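The values are calculated or read from the model by the stated rules, or taken from the named source; none is laboratory data. Keep in mind it's a predicted model, so treat the numbers as computed, not measured. All Cβ positions, even for glycine, are placed from backbone atoms using ideal geometry, and neighbour counts span all protein chains on display. Each accessible area value is taken on the protein alone, full model and side chains, heavy atoms only, with ligands, DNA and RNA left out. Shrake-Rupley method; radii C 1.70, N 1.55, O 1.52, S 1.80 Å.
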Amino acid sequence: MKSAILATTLSAIFALGGCAGQGNTNPTSHTASSDTLTNAAVNIESGKDYHSFSNPEQISVTHLALDLDVNFDKKVISGDVQLTVKRMQEGNNTLVLDTRDLTIKGVTANGMPVPYSLGKEDSFLGAPLSITVPEGTNKVTVSYQTSPQASGVQWLTPAQTAGKQHPFLFTQSQAIHARSFMPLQDSPQVRVTYSATVHTPKELLAVMSASNDPDTARDGVYEFNMPQPIPAYLIALAVGDLQFKPMGKRTGVYAEPALLDAAADEFADTESMLEVTEKTYGPYRWDRYDLLILPPSFPFGGMENPRLSFITPTVIAGDKSLVSLIAHELAHSWSGNTVTNATWRDLWLNEGFTTYLTYRIMQMVYGDNRYNMEAVLGRQDLQADIDSLAADDEILAIDLRGRDPDAVFSNIPYEKGALFLRELEQKVGRDNFDQFLLNYFEHFAFQSITTDQFMAYLNDTLLNDYADKLSSERIHQWIFQPGIPQGAPVPHSNAFKIVDDARNQWLNGELQAKDIDAKDWVVHQWLYFLNNMPETLSQDQLAELDAVFDLTQSKNNEIAHSWLLMAVENWYEPALPRVHSYLVSIGRNKLVKPIYKALSQTPKGKVLAQKAFAEAKPGYHPLTVKANEGFVD
Ligand code: BES
Ligand code: ZN
């Protein structure tokens with residue numbers, strides 16, 4: 001099949017390295033939620049961060065100055081963080097920071113030791129660090145070190161990298177893991193600027209979510225500056241045998257040497273994406289936009305660390321078929337990094353807006369056909385979640401009190417959020433909606449906002465201007481009710497019609513697989529073909545598809561994912577060795593978790609899952625371990 005032919009053989013160097021081996025309140029508004037539609041939600045305090053111990057409404061941190069040493073032998077980052085604080089309330093001298101598994105060595109304020117205490121550890125929030133900040137002082141320095149088990153820091157051995165020669169380190173702070181990397185107010189409503197000096201082994205390069213100088217001398221001492229105020233979850237560091245290759249005027253890619261050219265080719269359209277997004281939604285406010293390609297254990301597809309998105313290598317397919325991920329992380333530069341969710345309940349403001357923008361960017365760069373196909377696939381992913389999630393978890397402004405945000409990850413904030421915006425767009429017209437979004441990014445630039453603030457803004461703008469087309473009842477329904485409102489937009493793709501026909505005819509026995517005219521199908525059509533197969537297929541049917549289309553050997557990680565999931569659900573043995581190699585070579589949770597889950601449903605599947613998990617675990621990120629260990633008990 002086309003994708004398999006076009007795909008590179010990079011998977012060979014993607015091995016994970018089977019080498020063995022209650023929170024506080026917010027500084028802004030404290031209104032009760034405007035929601036009156038769902039009972040459970042009425043007591044949620046809008047804007048209250050239930051996932052941070054910090055007290056920014058009393059004393060707020062405005063700048064971090066980091067001086068860190070990266071020690072690969074001990075797997076610890078150690079050093080000092082100097083926090084510049086601002087008093088928000090008279091007479092309150094206690095600064096509360098978030099921490100998790102940090103060793104605190106000492107705390108000073110304007111150079112003098114001050115009292116501090118580490119509170120009781122919560123299972124997923126970590127522990128509060130309370131520091132007395134004497135009147136007249138505003139620079140608090142904490143000397144600390146991370147734990148080798150830090151939830152937001154992954155240490156990779158050389159065997160777990162593409163080049164096999166050097167170790168690698170990367171951080172992943174979203175949602176609440178920055179606190180395992182440094183003590184800080186780990187709430188998305190606290191925005192800080194930062195500067196950093198990072199010491200590494202001489203042969204390695206450090207990069208951060210900040211100014212990166214592509215021409216920096218590789219001498220083991222690296223300086224960074226992030227002059228725009230950002231939330232803690234966007235602070236990021238990676239260290240490895242990295243090289244840089246420019247892709248455009250403002251865009252480039254950092255990767256291990258073995259991946260650099262393939263990555264630069266795959267993502268060559270990044271500069272165009274940046275240009276069309278600026279044209280439609282207003283200026284890019286972050287100077288450069290570079291990509292960092294991580295080893296395959298990176299637990300996400302991508303992470304929108306400002307100026308430097310972190311990207312899984314599993315999307316380097318050889319044919320640009322999976323580059324909507326880049327559009328997505330780039331779009332976060334507007335929705336997420338410029339206008340930020342104030343609490344994790346408001347995540348849909350980041351992900352829903354970004355998913356909407358992603359579709360639009362893809363359309364602008366690649367055309368209507370691709371836009372329609374991606375929209376249909378996204379709508380199907382959403383439906384799958386609606387069919388399986390509890391009603392409360394289908395609500396955009398979700399109630400996360402007492403819950404670990406990592407455990408609540410789904411398509412709802414992404415695809416339901418995007419579908420809601422698509423409906424607004426269709427009702428008011430695309431140009432008007434684009435203008436609304438451009439104004440929204442301008443109005444809330446560098447602020448962290450709640451769902452209620454968004455709704456108030458919508459009320460003052462679109463609802464006011466298009467009272468005949470929009471209603472606040474409908475908007476409430478989208479934001480506070482489970483499911484998808486009746487009459488929601490239905491994406492449609494003509495390119496999928498022939499795929500439906502082929503699938504149906506094959507299933508009815510009217511057409512043999514070898515007679516399906518699929519030579520021109522693109523990856524999206526293959527995904528649509530596979531994802532819409534009935535739950536049960538016979539061994540003969542699976543074998544026929546595999547023989548004709550070589551699906552077990554697909555080099556496209558998304559196609560392989562869909563196929564291997566079908567193979568597990570129908571226990572198609574010839575694909576099981578590939579299931580194993582897939583699970584031990586990829587750590588991206590979205591790709592491996594459904595497979596572990598499917599395997600865990602049967603005793604023989606569980607045995608396979610246990611074997612793969614045991615082999616892969618040393619190379620998995622802590623988040624991937626946590627998300628899947630329950631399937632192999
Ligand atoms: N910011 C997210 C990743 C994230 C969300 C981490 C919530 C932790 C908590 C990132 O932008 C993202 O959405 N990644 C997706 C991309 C996909 C939807 C194109 C992923 O990793 O799969
Ligand atoms: Zn995202």
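With the requirement that a residue be open to solvent by less than 10 Å² (accessible area, probe 1.4 Å), over 20 Å from F436 (Cα atoms) and away from ligand 2 (no atom under 11 Å from the Cβ), what does the stretch 322-335 give you? Correct list: V323, I326. Mind checking whether some residue in the stretch 265-276 is away from ligand 2 (no atom under 16 Å from the Cβ), at pLDDT 95 or above, among the charged types (D, E, K, R) and buried (at least 24 other Cβ atoms within 10 Å of the Cβ)? Yes, the stretch 265-276 contains at least one residue that is away from ligand 2 (no atom under 16 Å from the Cβ), at pLDDT 95 or above, among the charged types (D, E, K, R) and buried (at least 24 other Cβ atoms within 10 Å of the Cβ).
Go through the residues of the stretch 293-300 one by one and say whether even a single one is aromatic (F, W, Y) and part of a strand (DSSP E or B). No, the stretch 293-300 has no match at all. When L129, L66, L83, L95 are checked against the criterion of being within 26 Å of the chain's Cα centre (by Cα) and open to solvent by less than 50 Å² (accessible area, probe 1.4 Å), L66 stands alone in meeting it.
Looking only at the stretch 190-209, residues that are outside any strand (DSSP E or B) and within 18 Å of the chain's Cα centre (by Cα) come to 1 in all.
Confirm whether N305 is assigned to a loop (DSSP other than H, G, I, E, B), within 16 Å of ligand 2 (Cβ to nearest atom) and at pLDDT 95 or above. Outline the logic, then answer.
On the way: assigned to a loop (DSSP other than H, G, I, E, B): yes; within 16 Å of ligand 2 (Cβ to nearest atom): yes; at pLDDT 95 or above: yes.
So N305 fits the description; yes.
Restricting attention to the stretch 336-354, the residues being touching a helix residue (DSSP H, G or I) at 6+ places or on another chain (Cβ under 7 Å), open to solvent by less than 10 Å² (accessible area, probe 1.4 Å), within 10 Å of ligand 2 (Cβ to nearest atom) and in a helix (DSSP H, G or I) number 4. Summed over the stretch 475-489, residues that are of a type in the set (A, V, I, L, M, F, W, C) and more than 14 Å from I386 (Cβ to Cβ) total 3. Residues of the stretch 126-156 that are under 21 Å from Q172 (Cα atoms), in a strand (DSSP E or B) and among the polar types (S, T, N, Q): Q145, Q154. Of all residue pairs spaced 6 or more apart or on separate chains, those with beta-carbon atoms under 6 Å, a first member in the stretch 492-521 that is open to solvent by 60 Å² or more (accessible area, probe 1.4 Å) and a second member that is not in a helix (DSSP H, G or I) are Q505/L511. Among the residues of the stretch 284-300, those identified as within 9 Å of ligand 1 (Cβ to nearest atom) and open to solvent by less than 10 Å² (accessible area, probe 1.4 Å) are F298, P299.
For A488, the criteria (1) open to solvent by 20 Å² or more (accessible area, probe 1.4 Å); (2) touching a helix residue (DSSP H, G or I) at 6+ places or on another chain (Cβ under 8 Å); (3) within 26 Å of L527 (Cα to Cα) hold in every case but one, which is (1).
The residue pairs whose first member lies in the stretch 223-252 and is more than 15 Å from Q174 (Cα to Cα), whose second member is of a type in the set (G, A, S) and in a helix (DSSP H, G or I), and whose beta carbons are closer than 7 Å, counting only pairs six or more residues apart or on different chains, are K245/A264; M247/A264.
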